[in-house]
Amino acid sequence: MRDEKNERNLKETSLINREKISRLEKGERLSKEELTALLSSYTPEDRRFAGEKARKISQSCFGNGIYIRGLLEISNICKNDCLYCGIRRSNRQAPRYRLTPQEILEGCAWGYEAGFRTFVLQGGEDPFWDDRAVEDLVKRIKARFPDCAVTLSLGEKEKETYRRWFEAGADRYLLRHETACPEHYAKLHPPELSLAHRMQCLEDLKEIGYQTGCGCMVGSPYQTAEHLAQDLLYMQDFQPQMIGIGPFIPHGQTPFKAFPPGKLEDVLFLLSLIRLMHPRVLLPATTALGTIAPDGREQGILAGANVVMPNISPEEARKKYRLYDGKIESKGEIGESLRELRESFRSIGYEMVVGRGDYPGKEGTL
Ligand code: SAH
């Protein structure tokens, strides 16, 4: 009797969930309460339902193409102290490094040969990489590789700084908002950092003309379904060109070392919902997703992602840019791991694209 009732309830919930997923597909906006309920009650079947729709949408916008970005981790020196992050300044055990402009240019040259047409320069907030140093670097990369896009991911800066870098030729900027709830933000960051400032930076970036990316971790400490609902609504309002999400993964030398990692299913479900809500957005299957499951990135693509960002940093840097434990490492030569990645995408019916892979814009499909 009881079981029957439970089953009926489950079926009803699932019907409601699918109806919500279909509404998202039609471009409708769900309320925070509706999204919270969906995120707290979805079943594996609901996830498959959303995943199939999401995959169809990404195929209609991007065909079976997967964009690749060459990720260069230019420094792990950071003046910030984000509680989740392995390269936070309080982690005195982290061996620090900084690539030279020469090393970065060499990395780009290698990446170009391998087929990359976007270079992502990511790093901690390292004072060495000031307005002038990044400006010079971007100019040198763009002069040498004029058919390539440069994405920066160097944290929170003044609007004037962002503008200088844009004028130097930078095309895109990734700055995850991390969580759209100010109280939750305060639990993940030291008091000197605020969500309001982070969001201001995102507004500035977009206004300057960058293809702008926000995003959040899934399963970060103290996160609730309501927080994730808020994240989805923030993204819907902000309309970014890129969205980066991946699971939180603990790092042993941070205050969050004992928290569990984010769940694969949650990340996949969110990727699908994001694809439904943002048909053309550039949506990576992240390294962190590939870290919590061996085929995480492939599953991410099947859930609606259309970008991967293989690491093309020199080997020493790759080891030291440790935001979380267990980060997947491409063993041996980078070219080899790119070939493997290409093969694994082929095995699920996708092809790596050589090209800048810009945001397709509001009109038309690729
Ligand atoms: N300093 C830059 C780049 C940060 S690293 C910035 O502030 O934007 C890029 C992303 O890695 C972060 O935005 C964060 O969402 C993610 N990250 C950091 N620590 C992590 C962890 N322990 N697990 C999963 N993702 C993490």
Item to check | Considering residues of region 228-244 that are under 17 Å from Y359 (Cα atoms) and either of a type in the set (V, I, T) or assigned to a helix (DSSP H, G or I) (or both) only, the residue nearest to the ligand (Cβ to nearest atom) | outcome: I243
Checklist entry - Do we find that F248 is near the ligand (Cβ under 10 Å from one of its atoms), surrounded by fewer than 21 Cβ atoms within 10 Å (Cβ to Cβ) and not charged (D, E, K, R) in this structure? => result no
Checklist entry - Could we say that A305 is under 22 Å from R117 (Cα atoms) and either among the small types (G, A, S) or in contact (Cβ under 8 Å) with a residue 24 or more places away in the chain (or both) here? => result yes
Checklist entry - Residues in region 297-305: is at least one within 15 Å of the ligand (Cβ to nearest atom), modelled with pLDDT of 95 or more, part of a helix (DSSP H, G or I) and under 20 Å from the mean Cα position of the chain (by Cα)? => result yes
Checklist entry - So which residues in region 139-158 are surrounded by 14 or more Cβ atoms within 10 Å (Cβ to Cβ) and more than 16 Å from the ligand (Cβ to nearest atom)? => result K139, R140, I141, K142, F145, C148, A149
Item to check | Residues being within 14 Å of the ligand (Cβ to nearest atom) and without any contact (Cβ under 8 Å) to a residue 24 or more places away in the chain - total across region 78-113 | outcome: 2
Checklist entry - Scanning for something open to solvent by 60 Å² or more (accessible area, probe 1.4 Å) and under 26 Å from V308 (Cβ atoms), does region 119-136 turn up at least one residue? => result no
Checklist entry - Residues in region 289-296: is at least one part of a loop (DSSP other than H, G, I, E, B), open to solvent by 10 Å² or more (accessible area, probe 1.4 Å), more than 13 Å from the ligand (Cβ to nearest atom) and not aliphatic (A, V, I, L, M)? => result yes
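Do the conditions hold for I57, that is, is it open to solvent by less than 30 Å² (accessible area, probe 1.4 Å) and either more than 16 Å from the ligand (Cβ to nearest atom) or modelled with pLDDT under 95 (or both)?
Against the criterion (open to solvent by less than 30 Å² (accessible area, probe 1.4 Å) and either more than 16 Å from the ligand (Cβ to nearest atom) or modelled with pLDDT under 95 (or both)), I57 qualifies.
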Item to check | Test: A288 is of a type outside the set (K, R), free of Cβ contacts under 8 Å to residues at least 40 places away in the same chain and under 21 Å from G215 (Cβ atoms) | outcome: no
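The values are calculated or read from the model by the stated rules, or taken from the named source; none is laboratory data. Computed from a predicted model, the values in this text were never measured in an experiment. FYI the Cβ positions are ideal-geometry reconstructions off the backbone, even for glycines, and counts take in every protein chain you see. In case anyone asks, the SASA skips ligands and DNA or RNA and just uses the protein heavy atoms, side chains included. Shrake-Rupley method; radii C 1.70, N 1.55, O 1.52, S 1.80 Å.
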